[in-house]
1. If only one of Met223, Met255 is part of a strand (DSSP E or B), out of contact with any helix residue (DSSP H, G or I) (no Cβ under 8 Å at 6 or more places or on another chain), among the aliphatic types (A, V, I, L, M) and surrounded by 14 or more Cβ atoms within 10 Å (Cβ to Cβ), which one is it?
2. Conditions: (1) assigned to a strand (DSSP E or B); (2) exposed (fewer than 12 other Cβ atoms within 10 Å of the Cβ); (3) of a type in the set (A, V, I, L, M). Leu194 meets all but one. Number of the miss?
3. Among the residues of the range 259-272, what is the count of those that are part of a helix (DSSP H, G or I) and closer than 17 Å to Thr75 by Cβ?
4. Can you go through Ser205, Ser228 and tell me which one is within 26 Å of the chain's Cα centre (by Cα) and surrounded by 20 or more Cβ atoms within 10 Å (Cβ to Cβ)?
5. Going by the conditions given, is Leu181 among the aliphatic types (A, V, I, L, M) and not in a loop (DSSP other than H, G, I, E, B)?
6. Among the numbered criteria (1) within 20 Å of the chain's Cα centre (by Cα); (2) modelled with pLDDT of 85 or more; (3) of a type outside the set (Gly, Ala, Ser), which single criterion is violated by Gln23?
7. Residue check, Ser297 against (1) at positive phi; (2) of a type in the set (Gly, Ala, Ser); (3) part of a strand (DSSP E or B), all met but one. Which one?
8. Pull up the range 23-80, narrow it to residues that are basic (Lys, Arg) and touching an Asp or Glu at 6+ places or on another chain (Cβ under 9 Å), then point me to the one that is farthest from Ala229 (Cα to Cα).
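The values are calculated or read from the model by the stated rules, or taken from the named source; none is laboratory data. If you're wondering where the values come from, they're calculated on a predicted model, not measured in any experiment. Cβ placement follows ideal geometry from the backbone for every residue including glycine, while neighbour counts extend to all protein chains displayed.
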Amino acid sequence: MSFNINRAINDDVSDSPRNSDYQKMFNDEAPSLGYISSKAPCEFIMVPPHPSHGASMALTSGGFRSDKERGITPTLGQYGIDHVIVYRKIGNNPDPKQRRDILAINMVETEDGLQIQAEREWGKGYMSPMYKLREFLWRTGGGHKYNKVLRRSEPTIKNIDTSTWEYKRALELVPADGNDLNAPLGRGVRTLFLQGFVINNAGISYTTDEEGQACWPKHKILMINQVSAIKSRLDAFQKEGFYDALFVRKDGTDMDPQEIYDTYGDILNNSSALQAWEQGFVHGDFSVNQKLVTFSSYRSGPAGISTYKCSVQNLADKYGPDYKLPDEILRKARPMGDYILKNNEQLQIEWLQELFAGDEWALEGAGLINKSSVRIAVPAMPAAPAAPVAAPAPAIRPAVPTPAPSIRPAVDIPTASAPRIPSMPMPAVPGAAPKMPSAAAASDDPNSITARLFNLAGKIDNRG
């Protein structure tokens, strides 16, 4: 049996409300990653993994998750991943394509096999390195929260020294307006991943090739990071989320775990009980009758984020009984667990060191690295203030050639362009940005390294 990430993730009840070549979520065997668009409806054919890969053909994993605003939802089977936290496009590089998307899970090898610790909303449960770094920077920058009455973000931490470069730099890395999508380290987003064959998205048809000839839809993984697409609120007048559309019951059984166990048995560990329960879903036949999923953007929600409504129907109802993906195409669909990149806490810390070179002071403050593990470089003193110099690019591993254009190139470390210039001096080589000594710490020797650094800090401050 193939590894099922949804079964591996801890299912305890929680009360919490073009493809990037440098993502840190999926391996090189995964299909390209896409996002549903607000420009036009996104249509794709949702199919289970092909049975030749040894995966379960079930619609769900037999588990549940709970949300105080959206109720109880089943966990997906092998065709998707639900309710995981992703930190999108993080890093200092001003070019978003050079940043990384990181899945906030920690894979732990135990005597019972591989277990996954998953970050919950607002840092509940497992606290990933990304969460710890963002929380430290948020507090260092005053702990700003949005005041709905005054309609502006206000600091919540009193008596904070706003003159320090740490405070200023923290606000650059985590701006007071937490909805800044271009921030170097934005808030993690609860995400739904669905594997399917995309027909069209953002006005682009994926049923024609480069020469304009008809072809089968493109195999992709869609990242859906709006909560409204995951499930509607309990008090919503009209249900329109993905779970509302896919997990419609036809037998009247409520989505209550105890009632389900009393009626069908242990659906988590008994395949016969799971099959009997899934026969009560309108779309429980998705492994036989291919389903067409459509996400449509119809208005902007808070902070201008698009809100989506989802519909699920039989593919034949729209495109006719003759339009059905052949077996040779369906073989591309593997279990979602096969696509997950090895992901643990130590690797994520290493990625953060790559992405925030020059800001090791923040990783130290967040408790992610020790001071002894950081190399300090002393910059040369210019005779007069000079234009900032970009940090040198990290070493590049040669890319492994891929057999098909739909597979992501195996690139671990991108070629870095000029990094975002912080308010403090950038080091001459990769390493931690030197902390500026106070006036009391300055040496009496005007040629000492300490005195030169202190004088340089004064010149930079005076330029502002």
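1. On the way: Met255 fails: part of a strand (DSSP E or B).
Criteria check complete, one pass: Met223.
2. That leaves (2) as the condition not met.
3. The initial filter retains those residues of the range 259-272 that are part of a helix (DSSP H, G or I), namely 259-264, 271-272.
Then keep just the ones that are closer than 17 Å to Thr75 by Cβ; that gives 260-261, 264, 271.
Total satisfying the criteria: 4.
4. Values: Ser205 fails: surrounded by 20 or more Cβ atoms within 10 Å (Cβ to Cβ).
Step by step, each of Ser205, Ser228 is checked, and only Ser228 is within 26 Å of the chain's Cα centre (by Cα) and surrounded by 20 or more Cβ atoms within 10 Å (Cβ to Cβ).
5. Numbers: among the aliphatic types (A, V, I, L, M): yes; not in a loop (DSSP other than H, G, I, E, B): no.
No; evaluated as a whole, the condition is false for this residue.
6. (2)
7. Result: Ser297 fails condition (1) only.
8. Result: Lys24.
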